[in-house]
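Chemist: Take this structure first; my questions come after.
The values are calculated or read from the model by the stated rules, or taken from the named source; none is laboratory data. It should be emphasised that the depicted structure is a prediction, and the values quoted were computed from it without experimental measurement. Here the Cβ positions follow ideal geometry from the backbone for every residue, glycine too, while neighbour counts run over all protein chains shown. Accessible surface areas use protein heavy atoms only, side chains included; no ligands, DNA or RNA. Shrake-Rupley method; radii C 1.70, N 1.55, O 1.52, S 1.80 Å.
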Amino acid sequence: MELLKKTAVEQHKALINKEVSALELTQASIKRIEELDKTLGAFNSLTVESALKTAKEVDDKIARNEEIPMLAGIPTALKDNMNMIGSKTTCSSKILENFVSPYDATITTKLKQNLVPILGKANLDEFAMGSSNENSAFNIVRNPYNLNKVPGGSSGGSAASVASSEVTLSLGSDTGGSIRLPASFCGITGFKPTYGRVSRYGLIAFASSLDQIGPFARSIEDIAHLYEAIAGYDEKDSTSLNLEVGNISGNLKKDIKGLRVGVIKELLADGVSDDVKNSVENAIKTYEKLGATIKEISLPLLKHSIGVYYIVATAEASSNLARFDGVKYGYRAQDAQNLLDMYCKTRAEGFGPEVKRRIMLGTYALSSGYYDAYYKKAQQLRRLIANDFNQAFKEVDIMISPTCPTTAFDLNSKANNPLEMYLTDIATISSNLVGAPALSMPCGFDKEGMPVGLQIIAKNLDELTLLQSAYALEQELGVYTQRPNI
Ligand code: GLN
(Lines give C-alpha, C1' and ligand atoms only; values in the text may rest on other atoms or scores of the structure.)
Protein backbone atom coordinates (compact mmCIF):
# COMPACT_ATOMS: atom_id res chain seq x y z
CA MET A 1 0.00 0.00 0.00
CA GLU A 2 1.54 3.30 -1.13
CA LEU A 3 -0.06 5.13 1.78
CA LEU A 4 2.26 3.31 4.21
CA LYS A 5 5.18 5.31 2.83
CA LYS A 6 3.46 8.64 3.46
CA THR A 7 3.76 10.79 6.56
CA ALA A 8 1.41 10.56 9.53
CA VAL A 9 -0.14 13.90 8.57
CA GLU A 10 -0.91 12.57 5.08
CA GLN A 11 -2.28 9.34 6.52
CA HIS A 12 -4.47 11.35 8.90
CA LYS A 13 -5.97 13.23 5.94
CA ALA A 14 -6.66 9.96 4.13
CA LEU A 15 -8.42 8.64 7.26
CA ILE A 16 -10.69 11.62 7.81
CA ASN A 17 -11.50 11.83 4.09
CA LYS A 18 -12.49 8.14 4.33
CA GLU A 19 -10.08 7.14 1.54
CA VAL A 20 -8.91 4.35 3.82
CA SER A 21 -10.04 2.98 7.18
CA ALA A 22 -7.81 2.79 10.23
CA LEU A 23 -8.31 -0.96 10.21
CA GLU A 24 -7.08 -1.22 6.60
CA LEU A 25 -4.07 0.96 7.35
CA THR A 26 -3.13 -1.07 10.44
CA GLN A 27 -3.64 -4.36 8.59
CA ALA A 28 -1.46 -3.16 5.70
CA SER A 29 1.22 -2.21 8.20
CA ILE A 30 1.04 -5.65 9.86
CA LYS A 31 1.29 -7.32 6.46
CA ARG A 32 4.38 -5.32 5.60
CA ILE A 33 5.99 -6.26 8.93
CA GLU A 34 5.21 -9.93 8.26
CA GLU A 35 6.79 -9.70 4.80
CA LEU A 36 9.87 -7.66 5.68
CA ASP A 37 10.80 -8.30 9.24
CA LYS A 38 12.32 -11.75 8.83
CA THR A 39 15.04 -9.96 6.89
CA LEU A 40 15.11 -6.67 8.78
CA GLY A 41 14.81 -7.88 12.40
CA ALA A 42 13.30 -4.61 13.61
CA PHE A 43 10.74 -6.19 15.96
CA ASN A 44 11.12 -8.33 19.06
CA SER A 45 7.39 -8.94 19.37
CA LEU A 46 4.09 -7.82 17.86
CA THR A 47 0.98 -6.62 19.67
CA VAL A 48 -1.40 -7.06 16.77
CA GLU A 49 -4.58 -7.74 18.70
CA SER A 50 -4.61 -4.52 20.70
CA ALA A 51 -3.51 -2.52 17.64
CA LEU A 52 -6.46 -3.81 15.62
CA LYS A 53 -8.81 -3.06 18.50
CA THR A 54 -7.57 0.53 18.66
CA ALA A 55 -7.91 0.89 14.87
CA LYS A 56 -11.48 -0.29 15.11
CA GLU A 57 -12.22 2.33 17.77
CA VAL A 58 -10.86 5.02 15.45
CA ASP A 59 -13.09 3.81 12.62
CA ASP A 60 -16.13 3.86 14.91
CA LYS A 61 -15.40 7.47 15.80
CA ILE A 62 -14.97 8.44 12.15
CA ALA A 63 -18.23 6.68 11.29
CA ARG A 64 -19.98 8.76 13.97
CA ASN A 65 -18.38 11.88 12.41
CA GLU A 66 -16.50 12.58 15.63
CA GLU A 67 -13.21 14.42 15.56
CA ILE A 68 -10.17 12.17 15.97
CA PRO A 69 -6.76 13.12 17.41
CA MET A 70 -4.05 13.80 14.80
CA LEU A 71 -2.24 10.52 15.44
CA ALA A 72 -5.31 8.30 15.87
CA GLY A 73 -5.03 5.23 13.69
CA ILE A 74 -1.37 5.84 12.72
CA PRO A 75 0.72 2.62 12.95
CA THR A 76 3.37 3.04 15.64
CA ALA A 77 6.09 1.00 17.38
CA LEU A 78 7.65 1.25 20.86
CA LYS A 79 11.25 0.51 21.68
CA ASP A 80 11.31 -2.70 23.67
CA ASN A 81 12.48 -0.98 26.86
CA MET A 82 9.12 0.75 27.35
CA ASN A 83 6.34 -0.92 29.29
CA MET A 84 2.97 -1.72 27.85
CA ILE A 85 0.63 -3.72 30.05
CA GLY A 86 0.29 -7.37 29.07
CA SER A 87 3.10 -7.28 26.50
CA LYS A 88 6.67 -8.48 26.80
CA THR A 89 9.30 -5.86 27.60
CA THR A 90 12.66 -7.54 27.10
CA CYS A 91 15.26 -4.77 26.60
CA SER A 92 16.63 -7.30 24.07
CA SER A 93 18.15 -9.13 27.03
CA LYS A 94 17.99 -12.75 28.05
CA ILE A 95 17.45 -11.63 31.62
CA LEU A 96 14.04 -10.13 30.68
CA GLU A 97 13.22 -12.51 27.84
CA ASN A 98 9.92 -13.58 29.41
CA PHE A 99 9.09 -10.48 31.40
CA VAL A 100 5.52 -9.25 30.86
CA SER A 101 4.79 -5.61 31.77
CA PRO A 102 2.36 -5.29 34.68
CA TYR A 103 1.63 -1.64 33.84
CA ASP A 104 1.77 1.01 31.11
CA ALA A 105 4.59 3.53 30.80
CA THR A 106 3.28 7.11 30.77
CA ILE A 107 4.12 7.42 27.06
CA THR A 108 2.07 4.28 26.42
CA THR A 109 -0.90 5.72 28.32
CA LYS A 110 -0.63 8.93 26.33
CA LEU A 111 -0.49 7.11 23.00
CA LYS A 112 -3.51 5.04 24.00
CA GLN A 113 -5.40 8.24 24.90
CA ASN A 114 -4.62 9.47 21.39
CA LEU A 115 -5.95 6.19 19.91
CA VAL A 116 -2.57 5.32 18.42
CA PRO A 117 -2.38 1.64 17.40
CA ILE A 118 0.84 0.22 18.89
CA LEU A 119 1.93 -2.62 16.61
CA GLY A 120 4.83 -4.01 18.55
CA LYS A 121 8.07 -3.69 20.44
CA ALA A 122 11.15 -2.72 18.48
CA ASN A 123 14.55 -4.37 18.79
CA LEU A 124 17.46 -2.54 20.48
CA ASP A 125 20.96 -3.02 21.79
CA GLU A 126 20.68 -4.88 25.09
CA PHE A 127 19.51 -2.38 27.74
CA ALA A 128 20.09 0.39 25.16
CA MET A 129 23.86 -0.04 25.34
CA GLY A 130 25.39 0.23 21.92
CA SER A 131 25.58 2.12 18.64
CA SER A 132 24.86 -0.56 16.06
CA ASN A 133 22.06 -2.77 17.41
CA GLU A 134 24.44 -5.71 17.25
CA ASN A 135 24.26 -6.09 21.04
CA SER A 136 20.70 -7.46 21.03
CA ALA A 137 20.51 -10.89 22.67
CA PHE A 138 17.97 -11.98 20.05
CA ASN A 139 18.59 -10.63 16.57
CA ILE A 140 20.61 -8.09 14.71
CA VAL A 141 18.70 -5.33 12.89
CA ARG A 142 19.67 -4.53 9.30
CA ASN A 143 19.73 -1.13 7.63
CA PRO A 144 16.82 -0.74 5.17
CA TYR A 145 19.10 1.13 2.72
CA ASN A 146 21.66 -1.69 2.64
CA LEU A 147 21.06 -4.97 4.42
CA ASN A 148 24.77 -5.51 5.01
CA LYS A 149 25.04 -2.39 7.10
CA VAL A 150 24.02 -1.56 10.67
CA PRO A 151 20.94 0.59 11.33
CA GLY A 152 22.71 2.39 14.19
CA GLY A 153 21.87 1.95 17.84
CA SER A 154 20.66 1.56 20.33
CA SER A 155 17.14 2.28 18.97
CA GLY A 156 17.95 0.44 15.72
CA GLY A 157 14.61 -1.37 15.49
CA SER A 158 12.62 1.83 16.07
CA ALA A 159 14.54 3.59 13.27
CA ALA A 160 14.58 0.73 10.76
CA SER A 161 10.85 0.07 11.19
CA VAL A 162 9.98 3.68 10.30
CA ALA A 163 12.57 4.01 7.50
CA SER A 164 11.29 0.82 5.85
CA SER A 165 7.63 1.88 6.23
CA GLU A 166 6.75 -1.10 8.40
CA VAL A 167 5.24 1.53 10.69
CA THR A 168 4.80 5.28 10.32
CA LEU A 169 6.06 6.41 13.73
CA SER A 170 8.03 5.03 16.63
CA LEU A 171 9.52 5.96 19.97
CA GLY A 172 13.11 5.49 21.04
CA SER A 173 15.22 6.39 24.05
CA ASP A 174 18.38 8.48 23.88
CA THR A 175 21.03 8.32 26.61
CA GLY A 176 24.02 9.31 24.50
CA GLY A 177 22.65 9.45 20.98
CA SER A 178 20.49 6.36 20.62
CA ILE A 179 17.69 8.18 18.84
CA ARG A 180 19.83 10.46 16.69
CA LEU A 181 22.45 7.97 15.50
CA PRO A 182 20.00 5.39 14.11
CA ALA A 183 17.88 8.19 12.62
CA SER A 184 20.99 9.41 10.83
CA PHE A 185 22.00 5.95 9.56
CA CYS A 186 18.46 5.12 8.38
CA GLY A 187 17.63 8.44 6.70
CA ILE A 188 14.79 9.58 8.96
CA THR A 189 14.35 12.18 11.69
CA GLY A 190 14.88 11.37 15.35
CA PHE A 191 14.42 13.87 18.16
CA LYS A 192 15.65 13.92 21.74
CA PRO A 193 13.69 16.55 23.70
CA THR A 194 15.09 18.49 26.67
CA TYR A 195 15.79 16.24 29.66
CA GLY A 196 12.59 16.06 31.71
CA ARG A 197 10.17 17.05 28.94
CA VAL A 198 8.90 13.50 28.37
CA SER A 199 8.13 11.28 31.33
CA ARG A 200 10.42 8.31 31.82
CA TYR A 201 7.95 6.48 34.06
CA GLY A 202 7.81 2.96 32.65
CA LEU A 203 11.01 3.27 30.63
CA ILE A 204 13.48 0.69 31.90
CA ALA A 205 16.37 2.80 33.15
CA PHE A 206 19.87 2.73 31.69
CA ALA A 207 21.46 5.96 33.02
CA SER A 208 18.81 8.01 34.78
CA SER A 209 20.44 11.45 34.56
CA LEU A 210 20.80 11.09 30.77
CA ASP A 211 17.87 8.94 29.54
CA GLN A 212 15.21 10.68 27.48
CA ILE A 213 12.35 9.32 25.34
CA GLY A 214 11.71 10.85 21.92
CA PRO A 215 10.03 10.35 18.54
CA PHE A 216 11.13 8.94 15.19
CA ALA A 217 9.28 10.00 12.04
CA ARG A 218 9.71 10.74 8.34
CA SER A 219 9.02 14.48 8.61
CA ILE A 220 9.47 17.30 11.11
CA GLU A 221 5.73 17.90 11.18
CA ASP A 222 5.17 14.31 12.30
CA ILE A 223 7.93 14.67 14.88
CA ALA A 224 6.18 17.74 16.32
CA HIS A 225 2.83 15.95 16.57
CA LEU A 226 4.27 12.86 18.23
CA TYR A 227 6.34 14.99 20.60
CA GLU A 228 3.26 16.96 21.64
CA ALA A 229 1.36 13.72 22.24
CA ILE A 230 3.97 12.33 24.67
CA ALA A 231 5.44 15.43 26.35
CA GLY A 232 4.31 17.14 29.53
CA TYR A 233 4.44 16.95 33.29
CA ASP A 234 4.04 13.62 35.02
CA GLU A 235 3.95 13.35 38.78
CA LYS A 236 5.12 9.73 38.51
CA ASP A 237 8.56 10.86 37.26
CA SER A 238 10.47 12.95 39.81
CA THR A 239 12.60 14.50 37.03
CA SER A 240 9.59 15.52 34.94
CA LEU A 241 9.39 19.25 34.21
CA ASN A 242 6.22 21.05 35.26
CA LEU A 243 6.24 23.46 32.30
CA GLU A 244 3.98 24.14 29.34
CA VAL A 245 4.96 22.23 26.19
CA GLY A 246 3.28 24.84 23.99
CA ASN A 247 1.89 24.52 20.48
CA ILE A 248 4.77 23.47 18.26
CA SER A 249 3.06 21.74 15.35
CA GLY A 250 0.93 24.84 14.74
CA ASN A 251 3.95 27.15 14.71
CA LEU A 252 6.46 25.27 12.58
CA LYS A 253 6.23 27.44 9.51
CA LYS A 254 8.32 30.43 10.38
CA ASP A 255 10.58 32.63 8.30
CA ILE A 256 14.05 31.93 9.68
CA LYS A 257 15.64 35.10 8.34
CA GLY A 258 18.14 36.31 10.96
CA LEU A 259 18.36 32.91 12.70
CA ARG A 260 21.86 32.59 14.17
CA VAL A 261 23.31 29.21 13.23
CA GLY A 262 26.50 28.03 14.94
CA VAL A 263 28.62 25.42 13.18
CA ILE A 264 30.50 23.36 15.76
CA LYS A 265 34.10 23.59 14.63
CA GLU A 266 35.39 20.51 16.47
CA LEU A 267 32.78 18.30 14.78
CA LEU A 268 33.62 19.25 11.21
CA ALA A 269 37.33 18.63 11.63
CA ASP A 270 39.53 15.61 10.87
CA GLY A 271 37.88 12.22 10.87
CA VAL A 272 34.69 13.35 9.18
CA SER A 273 34.18 11.55 5.88
CA ASP A 274 34.15 13.68 2.72
CA ASP A 275 30.61 12.70 1.81
CA VAL A 276 29.31 13.63 5.24
CA LYS A 277 31.20 16.92 5.11
CA ASN A 278 29.76 17.75 1.67
CA SER A 279 26.16 17.12 2.72
CA VAL A 280 26.56 19.13 5.92
CA GLU A 281 28.22 22.00 4.04
CA ASN A 282 25.31 21.96 1.62
CA ALA A 283 22.92 22.27 4.58
CA ILE A 284 24.95 25.24 5.86
CA LYS A 285 24.69 26.93 2.44
CA THR A 286 20.97 26.27 2.42
CA TYR A 287 20.61 27.98 5.78
CA GLU A 288 22.49 30.96 4.37
CA LYS A 289 20.18 31.03 1.40
CA LEU A 290 17.21 31.09 3.77
CA GLY A 291 18.61 34.21 5.41
CA ALA A 292 20.27 32.71 8.47
CA THR A 293 23.63 33.98 9.65
CA ILE A 294 26.36 31.38 10.03
CA LYS A 295 28.99 31.49 12.71
CA GLU A 296 31.75 29.09 13.62
CA ILE A 297 31.44 27.99 17.24
CA SER A 298 34.02 26.24 19.37
CA LEU A 299 33.18 23.83 22.19
CA PRO A 300 36.68 23.25 23.55
CA LEU A 301 35.70 20.61 26.11
CA LEU A 302 33.73 18.50 23.68
CA LYS A 303 36.70 16.17 23.30
CA HIS A 304 36.16 15.03 26.88
CA SER A 305 32.48 14.23 26.44
CA ILE A 306 32.96 10.55 25.56
CA GLY A 307 35.20 10.00 28.59
CA VAL A 308 32.76 11.79 30.89
CA TYR A 309 29.79 9.91 29.46
CA TYR A 310 31.34 6.47 29.81
CA ILE A 311 31.97 7.13 33.50
CA VAL A 312 28.63 8.73 34.36
CA ALA A 313 26.52 6.36 32.22
CA THR A 314 28.25 3.19 33.38
CA ALA A 315 28.13 4.31 37.04
CA GLU A 316 24.39 4.89 36.83
CA ALA A 317 23.86 1.69 34.85
CA SER A 318 25.73 -0.41 37.41
CA SER A 319 23.34 0.88 40.05
CA ASN A 320 20.15 0.66 37.92
CA LEU A 321 20.88 -2.88 36.77
CA ALA A 322 21.45 -4.17 40.30
CA ARG A 323 17.73 -4.94 40.46
CA PHE A 324 18.08 -7.79 37.96
CA ASP A 325 19.15 -10.48 40.36
CA GLY A 326 16.81 -13.40 39.71
CA VAL A 327 14.57 -12.50 42.63
CA LYS A 328 12.25 -9.77 41.44
CA TYR A 329 12.17 -9.87 37.66
CA GLY A 330 12.72 -12.16 34.74
CA TYR A 331 15.30 -14.88 34.39
CA ARG A 332 16.56 -17.00 37.31
CA ALA A 333 19.43 -19.47 36.91
CA GLN A 334 18.76 -23.10 37.79
CA ASP A 335 20.79 -25.34 40.07
CA ALA A 336 22.20 -22.68 42.36
CA GLN A 337 23.77 -23.88 45.62
CA ASN A 338 22.76 -20.86 47.70
CA LEU A 339 21.46 -17.30 47.39
CA LEU A 340 24.76 -15.69 46.38
CA ASP A 341 25.36 -18.43 43.85
CA MET A 342 21.89 -17.79 42.42
CA TYR A 343 22.60 -14.04 42.01
CA CYS A 344 25.93 -14.71 40.35
CA LYS A 345 24.69 -17.42 37.99
CA THR A 346 21.57 -15.43 37.04
CA ARG A 347 23.58 -12.34 36.13
CA ALA A 348 26.35 -14.29 34.42
CA GLU A 349 23.86 -16.16 32.24
CA GLY A 350 21.32 -13.36 31.80
CA PHE A 351 23.46 -10.39 30.74
CA GLY A 352 25.41 -10.14 27.49
CA PRO A 353 29.08 -9.09 27.21
CA GLU A 354 28.54 -5.33 26.65
CA VAL A 355 26.19 -5.02 29.62
CA LYS A 356 28.67 -6.87 31.82
CA ARG A 357 31.47 -4.60 30.64
CA ARG A 358 29.43 -1.51 31.59
CA ILE A 359 28.48 -2.90 35.02
CA MET A 360 32.12 -3.60 35.77
CA LEU A 361 33.28 -0.18 34.55
CA GLY A 362 30.58 1.60 36.53
CA THR A 363 31.14 -0.39 39.71
CA TYR A 364 34.85 0.38 39.48
CA ALA A 365 34.26 4.10 38.95
CA LEU A 366 32.00 4.25 42.00
CA SER A 367 34.12 2.16 44.32
CA SER A 368 35.67 3.84 47.34
CA GLY A 369 39.13 5.15 46.58
CA TYR A 370 38.23 5.70 42.93
CA TYR A 371 35.04 7.73 43.36
CA ASP A 372 36.85 11.08 43.60
CA ALA A 373 39.29 10.28 40.84
CA TYR A 374 36.67 9.22 38.30
CA TYR A 375 33.02 9.87 39.12
CA LYS A 376 33.49 13.21 40.85
CA LYS A 377 35.90 14.42 38.14
CA ALA A 378 33.42 13.38 35.44
CA GLN A 379 30.62 15.31 37.13
CA GLN A 380 32.84 18.40 37.39
CA LEU A 381 33.68 18.21 33.70
CA ARG A 382 30.02 17.73 32.90
CA ARG A 383 29.33 21.09 34.52
CA LEU A 384 32.14 22.73 32.49
CA ILE A 385 30.75 21.29 29.25
CA ALA A 386 27.38 22.80 30.19
CA ASN A 387 29.16 26.15 30.67
CA ASP A 388 30.56 25.83 27.12
CA PHE A 389 27.05 25.28 25.82
CA ASN A 390 25.67 28.28 27.75
CA GLN A 391 28.47 30.44 26.40
CA ALA A 392 27.82 29.31 22.82
CA PHE A 393 24.07 29.93 23.10
CA LYS A 394 24.76 33.57 23.95
CA GLU A 395 25.97 33.94 20.39
CA VAL A 396 23.74 31.57 18.40
CA ASP A 397 20.18 30.21 18.42
CA ILE A 398 21.01 26.70 17.24
CA MET A 399 24.19 24.69 16.75
CA ILE A 400 24.69 22.22 13.93
CA SER A 401 27.09 19.38 13.15
CA PRO A 402 27.11 15.99 11.47
CA THR A 403 25.19 13.50 13.66
CA CYS A 404 28.05 11.04 13.13
CA PRO A 405 31.40 11.47 11.36
CA THR A 406 30.47 8.62 8.96
CA THR A 407 27.42 7.02 7.41
CA ALA A 408 26.23 3.53 8.46
CA PHE A 409 29.10 1.05 8.73
CA ASP A 410 29.19 -2.64 7.76
CA LEU A 411 27.74 -5.26 10.09
CA ASN A 412 30.47 -6.85 12.24
CA SER A 413 33.01 -4.17 11.38
CA LYS A 414 33.21 -2.65 14.88
CA ALA A 415 31.48 -5.28 17.01
CA ASN A 416 34.76 -6.54 18.49
CA ASN A 417 36.22 -3.13 19.16
CA PRO A 418 34.22 -1.41 21.93
CA LEU A 419 36.39 1.69 21.91
CA GLU A 420 35.87 2.31 18.21
CA MET A 421 32.15 1.76 18.72
CA TYR A 422 32.09 4.32 21.57
CA LEU A 423 33.69 6.92 19.28
CA THR A 424 30.67 6.95 16.96
CA ASP A 425 28.89 8.94 19.70
CA ILE A 426 31.28 11.90 19.65
CA ALA A 427 28.74 14.36 18.23
CA THR A 428 25.66 13.27 20.14
CA ILE A 429 26.74 12.66 23.73
CA SER A 430 27.28 16.23 24.92
CA SER A 431 23.59 17.18 24.52
CA ASN A 432 22.69 14.38 26.93
CA LEU A 433 25.32 15.53 29.41
CA VAL A 434 23.80 19.04 29.44
CA GLY A 435 20.16 18.03 28.88
CA ALA A 436 19.74 20.03 25.66
CA PRO A 437 17.17 19.19 22.95
CA ALA A 438 18.75 17.83 19.76
CA LEU A 439 17.67 16.06 16.60
CA SER A 440 19.07 14.31 13.58
CA MET A 441 17.48 14.87 10.18
CA PRO A 442 18.44 13.55 6.75
CA CYS A 443 20.48 16.03 4.71
CA GLY A 444 21.94 13.99 1.85
CA PHE A 445 23.46 10.70 0.73
CA ASP A 446 27.00 9.36 0.37
CA LYS A 447 28.41 7.81 -2.82
CA GLU A 448 27.03 4.40 -1.88
CA GLY A 449 23.55 5.85 -1.43
CA MET A 450 23.63 5.75 2.38
CA PRO A 451 21.88 8.61 4.22
CA VAL A 452 23.78 11.42 5.95
CA GLY A 453 22.33 12.94 9.13
CA LEU A 454 22.55 16.55 10.24
CA GLN A 455 22.39 17.23 13.97
CA ILE A 456 20.71 20.39 15.25
CA ILE A 457 20.99 21.34 18.93
CA ALA A 458 19.07 24.13 20.70
CA LYS A 459 19.23 25.47 24.22
CA ASN A 460 17.38 23.68 26.96
CA LEU A 461 13.59 24.00 26.62
CA ASP A 462 13.80 25.68 23.20
CA GLU A 463 12.18 22.85 21.23
CA LEU A 464 10.21 25.44 19.26
CA THR A 465 13.24 27.14 17.69
CA LEU A 466 14.84 23.75 17.10
CA LEU A 467 11.89 22.34 15.22
CA GLN A 468 11.19 25.57 13.32
CA SER A 469 14.80 25.67 12.08
CA ALA A 470 14.67 21.99 11.15
CA TYR A 471 11.37 22.42 9.33
CA ALA A 472 12.62 25.33 7.21
CA LEU A 473 15.72 23.37 6.19
CA GLU A 474 13.78 20.16 5.55
CA GLN A 475 11.37 21.91 3.17
CA GLU A 476 14.20 23.52 1.24
CA LEU A 477 16.40 20.39 1.03
CA GLY A 478 13.57 18.02 0.15
CA VAL A 479 15.65 14.96 1.13
CA TYR A 480 13.02 13.78 3.62
CA THR A 481 10.75 12.45 0.89
CA GLN A 482 13.31 9.76 -0.14
CA ARG A 483 12.56 6.16 0.85
CA PRO A 484 14.79 3.09 0.66
CA ASN A 485 14.12 0.55 -2.04
CA ILE A 486 12.95 -2.26 0.15
N1 GLN B 1 25.88 4.50 22.05
C2 GLN B 1 25.76 4.99 23.38
C3 GLN B 1 26.01 3.87 24.36
O4 GLN B 1 26.34 2.83 23.94
C5 GLN B 1 24.43 5.62 23.57
C6 GLN B 1 23.36 4.68 23.95
C7 GLN B 1 22.03 5.33 24.18
O8 GLN B 1 21.83 6.51 23.86
N9 GLN B 1 21.11 4.57 24.76
O10 GLN B 1 25.89 4.02 25.52
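Chemist: Only one of these is basic (Lys, Arg) and buried (at least 21 other Cβ atoms within 10 Å of the Cβ): 260, 218. Name it.
Modeler: 218
Chemist: Look at region 13-26 and say how many of its residues are open to solvent by 20 Å² or more (accessible area, probe 1.4 Å), part of a helix (DSSP H, G or I) and not aliphatic (A, V, I, L, M).
Modeler: The number of residues fulfilling the criteria is 2.
Chemist: Consider residue 372 carefully, then state whether it is acidic (Asp, Glu), open to solvent by 80 Å² or more (accessible area, probe 1.4 Å) and either within 16 Å of the ligand (Cβ to nearest atom) or at negative phi (or both). Before you say what the answer is, go through the steps one by one.
Modeler: Values: acidic (Asp, Glu): yes; open to solvent by 80 Å² or more (accessible area, probe 1.4 Å): yes; either within 16 Å of the ligand (Cβ to nearest atom) or at negative phi (or both): yes.
Answer is yes for this residue.
Chemist: Which of the following residues is open to solvent by less than 50 Å² (accessible area, probe 1.4 Å), over 22 Å from the mean Cα position of the chain (by Cα) and of a type in the set (D, E, K, R): 275, 234? Talk me through it step by step, then tell me what you get.
Modeler: Details: 234 fails: over 22 Å from the mean Cα position of the chain (by Cα).
None of the others qualify; the one that does is 275.
Chemist: Can you tell me which residues in region 88-119 are open to solvent by less than 10 Å² (accessible area, probe 1.4 Å) and either over 19 Å from the mean Cα position of the chain (by Cα) or on the phi > 0 side of the Ramachandran plot (or both)?
Modeler: Correct list: 91, 92, 95, 96, 101, 117.
Chemist: Scan region 460-472 and give yes if some residue there is open to solvent by 10 Å² or more (accessible area, probe 1.4 Å) and within 23 Å of residue 161 (Cα to Cα), otherwise no.
Modeler: Within region 460-472, one or more residues are open to solvent by 10 Å² or more (accessible area, probe 1.4 Å) and within 23 Å of residue 161 (Cα to Cα).
Chemist: Further question: Tally up the residues in region 127-180 that are without any contact (Cβ under 8 Å) to a residue 60 or more places away in the chain, touching a Leu at 6+ places or on another chain (Cβ under 6 Å) and of a type in the set (A, V, I, L, M, F, W, C), please.
Modeler: Final tally of qualifying residues: 0.
Chemist: Continuing with the same structure: If you go through region 377-404, how many residues are more than 21 Å from residue 261 (Cβ to Cβ), away from the ligand (no atom under 16 Å from the Cβ) and either open to solvent by less than 10 Å² (accessible area, probe 1.4 Å) or among the basic types (Lys, Arg) (or both)?
Modeler: Matching residues across region 377-404 total 2.
Chemist: With the structure loaded, tell me whether residue 128 is more than 19 Å from residue 313 (Cα to Cα) and either within 16 Å of the ligand (Cβ to nearest atom) or touching a Lys or Arg at 6+ places or on another chain (Cβ under 8 Å) (or both) or whether it fails that test. Give the derivation first.
Modeler: Details: more than 19 Å from residue 313 (Cα to Cα): no; either within 16 Å of the ligand (Cβ to nearest atom) or touching a Lys or Arg at 6+ places or on another chain (Cβ under 8 Å) (or both): yes.
So residue 128 does not fit the description; no.
Chemist: Would you be able to say whether some residue in region 140-154 is within 16 Å of the ligand (Cβ to nearest atom), among the hydrophobic types (A, V, I, L, M, F, W, C) and over 23 Å from residue 484 (Cβ atoms)?
Modeler: The answer is no; no qualifying residue exists.
Chemist: Next question, about the same structure. Which residue, of 224, 269, is under 30 Å from residue 446 (Cβ atoms), aliphatic (A, V, I, L, M) and either open to solvent by 30 Å² or more (accessible area, probe 1.4 Å) or free of Cβ contacts under 8 Å to residues at least 40 places away in the same chain (or both)? Break it down into steps so the answer makes sense when it comes.
Modeler: On the way: 224 fails: either open to solvent by 30 Å² or more (accessible area, probe 1.4 Å) or free of Cβ contacts under 8 Å to residues at least 40 places away in the same chain (or both).
None of the others qualify; the one that does is 269.
Chemist: Still on this model: Could you run through region 417-475 and say how many residues are away from the ligand (no atom under 15 Å from the Cβ), assigned to a helix (DSSP H, G or I) and not acidic (Asp, Glu)?
Modeler: Going through region 417-475 one residue at a time, the tally reaches 11.
Chemist: Additional query: Can you pull out the residues in region 280-297 that are open to solvent by 10 Å² or more (accessible area, probe 1.4 Å), in contact with a Gly (Cβ under 8 Å, 6 or more places away or on another chain) and under 19 Å from residue 187 (Cα atoms)?
Modeler: 282
Residue-wise test of (1) polar (S, T, N, Q); (2) within 16 Å of the ligand (Cβ to nearest atom); (3) in contact (Cβ under 8 Å) with a residue 40 or more places away in the chain.
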residue: 29; (1), (2), (3): yes, no, yes
residue: 35; (1), (2), (3): no, no, no
residue: 42; (1), (2), (3): no, no, yes
residue: 68; (1), (2), (3): no, no, yes
residue: 81; (1), (2), (3): yes, yes, yes
residue: 91; (1), (2), (3): no, yes, yes
residue: 97; (1), (2), (3): no, no, yes
residue: 102; (1), (2), (3): no, no, no
residue: 110; (1), (2), (3): no, no, yes
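Chemist: A further question on this structure: Against the conditions (1) open to solvent by less than 30 Å² (accessible area, probe 1.4 Å); (2) in a helix (DSSP H, G or I); (3) polar (S, T, N, Q), where does residue 407 fall short? Just the number, please.
Modeler: (2)
Chemist: When you go through 179, 213, 204 one by one, which is the residue that is in contact with a Cys (Cβ under 7 Å, 6 or more places away or on another chain) and either at pLDDT below 95 or under 20 Å from residue 314 (Cα atoms) (or both)?
Modeler: From the options 179, 213, 204, the qualifying one is 204.
Chemist: Filter region 196-239 down to the residues that are under 17 Å from residue 70 (Cβ atoms) and within 16 Å of the ligand (Cβ to nearest atom) and list them by number. Full working, then the answer.
Modeler: First, pick out the residues of region 196-239 that are under 17 Å from residue 70 (Cβ atoms): 215-232.
Answer for region 196-239, where residues must be under 17 Å from residue 70 (Cβ atoms) and within 16 Å of the ligand (Cβ to nearest atom): 215, 216.
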